[in-house]
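Report on the structure given below.
The values are calculated or read from the model by the stated rules, or taken from the named source; none is laboratory data. Nothing here was measured: the structure is a model prediction, and the numbers come from that model. So basically every Cβ, Gly included, is an ideal-geometry build from the backbone, and we count neighbours across all protein chains shown.
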Amino acid sequence: MVTRRGGSDLGCLGWLLTLAIMTYVVINVGAPYMRYYRFRDAVDQQVRYATFRKDDAIRQEIWAAADSLDLPEEAYHVTVERAPSSIRVFGSYDDSWKLLRYSRTVHFILNESGPL
C-alpha cells in the first residue's frame, strides 16, 4: 500500500504564491523603466530621421510619444539642438512607482544625439 504525504500540494501552492508576488513586483516596479525605454526609443527614432524633419515636427512627435506613454509633465520639456552636422535631444523627468506602502521616485535622463 502506498501512502501519500501531501507535502507536494503545499509546495506547489508556495511556488504559485511566490510566482504571483514576483509578477506583481515586476509589473509595478518595472513599469516606469519600461516607459522610459519606450520613450527613449521614440526619441532615438526622431533623431535618426532628423535630416528630413524640422525641429518643431520632432518636438511634436516627442510630445505625442510622451502623451501616449502617460509620462509626467516634465517629460514634455525636451530641448532640440541642431548643429550643422549633428542633432541632440535632451531632457529629464521624474517618475515613481508604488509597492503597497513603499514608494520611490526615479530620475530619468534623456540624452540622444546623432549625425545629420
> Name the pairs: first residue in region 15-32 and on the phi < 0 side of the Ramachandran plot and surrounded by 10 or more Cβ atoms within 10 Å (Cβ to Cβ), second residue charged (D, E, K, R) and not in a helix (DSSP H, G or I), Cβ to Cβ under 9 Å, at least 6 apart or on different chains?
Replying inline: N28/K98; V29/R104; A31/D95; P32/D95
> Under 8 Å by Cβ, and 6 or more places apart or on different chains, what pairs join a residue from region 87-110 that is more than 21 Å from D55 (Cα to Cα) and free of Cβ contacts under 8 Å to residues at least 60 places away in the same chain with one that is of a type outside the set (D, E, K, R) and not in a strand (DSSP E or B)?
Replying inline: D94/P72
>> Of the residues V43, V80, only one is part of a helix (DSSP H, G or I) and touching an Asp or Glu at 6+ places or on another chain (Cβ under 6 Å); which?
In response: V43
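Search region 63-79 for residues being surrounded by 13 or more Cβ atoms within 10 Å (Cβ to Cβ) and closer than 13 Å to S92 by Cα, and hand back the single one that is farthest from the chain's Cα centre (by Cα). Show your work before the answer.
Of region 63-79, the ones surrounded by 13 or more Cβ atoms within 10 Å (Cβ to Cβ) are 63, 65-66, 69, 71-72, 74-76, 78.
Among the residues that remain, those that are also closer than 13 Å to S92 by Cα are: 66, 71-72, 74-76, 78.
Working: A66: 11, L71: 9, P72: 12, E74: 14, A75: 12, Y76: 15, V78: 16 Å.
Applying the filter and picking the extreme gives V78.
In this structure, does S92 turn out to be in a strand (DSSP E or B) and more than 19 Å from G30 (Cβ to Cβ)?
yes
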> So T51 clears everything in (1) under 27 Å from R101 (Cβ atoms); (2) at pLDDT 90 or above; (3) of a type outside the set (K, R) except one condition, right? Which one?
Replying inline: (1)
